[in-house]
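Engineer: Structure provided below as structure tokens; questions to follow.
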Amino acid sequence: MSLTLLPPTIVEQPDNHSARKFTARITRVRPISSLTRTREMRNKKWRANPYKFVRFAHPVEAEFARVLTYYRVRWLYEPHQFPLDWHPDGTVARMFSPDFYLPEFNLYAELTTQKQTLVTRKNAKLRRLRELYPDINIRLFYRKDLQRMLGRFGISVTSHTVTPPGGLAV
Amino acid sequence: MSEPLPLTARAAPGDLHYFSLAPQIAKVLYTREDIAARVKDMGRQITADYAGVGRDLVVFGILKGVLPFLADLLRSIDLPLQSDVMTIAGYKPHFDEEPPRRLPGVVCITKDLDIAVSGRHVLIVEDMIDTGLTLNFIAKMIRMRQPASLAIVTLFNREANRLAWNLPVRYSGFEAPDDFLVGYGLDYREQFRNLPYVGSLKKEVYAL
């Protein structure tokens, strides 16, 4: 039987309810130009004062970022994560996230304020990172390096280990 | 080269002795003679390299740490040149400033060059390059003035901590050891610049 012969009440109407909702939602979204403007404003605020947005794990990292900003070097805080080890099922077992990335120099910087005797784990991670990603440029600043570098500006470097919630301090 | 500070030695007649600063110096790393010999070598090398550029050589240093080194180096370059100095304001933390998430400000030049560098061969003299952030800023600014060439002379070079790895460091005096160096212009809170030698500062002085 042809569908056109059926009475109009029996003909299955397409469920355009969701389409109507979708249309309604579209109308509520702000125009693209407005979105772009908002994004630009957010970026402008970020550039104006990134310290309002970034939550540094250690005060020394904040000071390091300030020194970089002072010398007009762009920086990103923990922008990338590098998997170092994997479980047999393919999930990542160990990651490394360098503290800073400096796009101008294509360089990662990792800061540690732990004593020299306690940085073995971090050194091992860095060695593994260099094995797996030989093209990555990374500099590790030890406590003594930071003391010397920031000490010239009168900034003290105290050993202060941050333990993230539910995780081990590294 | 790495001999302990002669605390008990007596100063030569008419010579200054710096025993009042000695308690804060761990050891002398480079004596006055070591430095003088190396600076003369660098001067000879620069003279040979820039012999063909005529009067187009501009040598300038970045105050204040470079003063003794700049004075010695200029006198060991046997070429007609123009010299100048530049001063930039270093980073100063303000711990008691509110709000705590403050802005650091930006580096600014407090004394610019008085001579033009456009189309000329420029040599930047620096006492020590560590992270290279200061020199990176200055080199970028000088490049905008379009010199014929740009090179950097440094007395102490510390590659391990370098962030600005693309700096054109052509002449380097000594590879800086892993210590806090003071003397011969290098300071800690504006002190120790007058020492004729370069020594390492005791850790308890700067590790607050």
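The values are calculated or read from the model by the stated rules, or taken from the named source; none is laboratory data. Quick caveat, the model's predicted, so the values are computed rather than measured. Methodologically, a virtual Cβ is constructed for each residue, glycine included, from the backbone with ideal geometry; neighbour enumeration extends over all protein chains shown. Just the protein is used for accessible areas: all its heavy atoms, side chains included, with ligands, DNA and RNA removed. Shrake-Rupley method; radii C 1.70, N 1.55, O 1.52, S 1.80 Å.
Engineer: Return the total of residues in the stretch A:98-124 being modelled with pLDDT of 90 or more and open to solvent by 30 Å² or more (accessible area, probe 1.4 Å).
Structural biologist: Total meeting the criteria: 4.
Engineer: Right, another one. Can you name every residue in the stretch A:94-128 that is in contact (Cβ under 8 Å) with a residue 12 or more places away in the chain, farther than 28 Å from A:ARG72 by Cα and of a type in the set (A, V, I, L, M, F, W, C)?
Structural biologist: A:MET95, A:VAL119 - these are the residues of the stretch A:94-128 that are in contact (Cβ under 8 Å) with a residue 12 or more places away in the chain, farther than 28 Å from A:ARG72 by Cα and of a type in the set (A, V, I, L, M, F, W, C).
Engineer: Now for a separate question. Kindly establish whether B:ALA151 is at the interface with chain A (Cβ under 9 Å from one of its Cβ atoms), among the small types (Gly, Ala, Ser) and in contact with a Leu (Cβ under 8 Å, 6 or more places away or on another chain).
Structural biologist: Taking the combined requirement at face value, the residue does not satisfy it.
Engineer: Of all residues in the stretch B:154-208, which are more than 18 Å from B:ARG32 (Cβ to Cβ), more than 9 Å from every other protein chain (Cβ to nearest Cβ) and touching a Gly at 6+ places or on another chain (Cβ under 8 Å)?
Structural biologist: Passing the criteria: B:THR154, B:ASN157, B:LEU167.
Engineer: What number of residues in the stretch A:52-76 are free of Cβ contacts under 8 Å to residues at least 60 places away in the same chain and part of a helix (DSSP H, G or I)?
Structural biologist: So the answer is 8.
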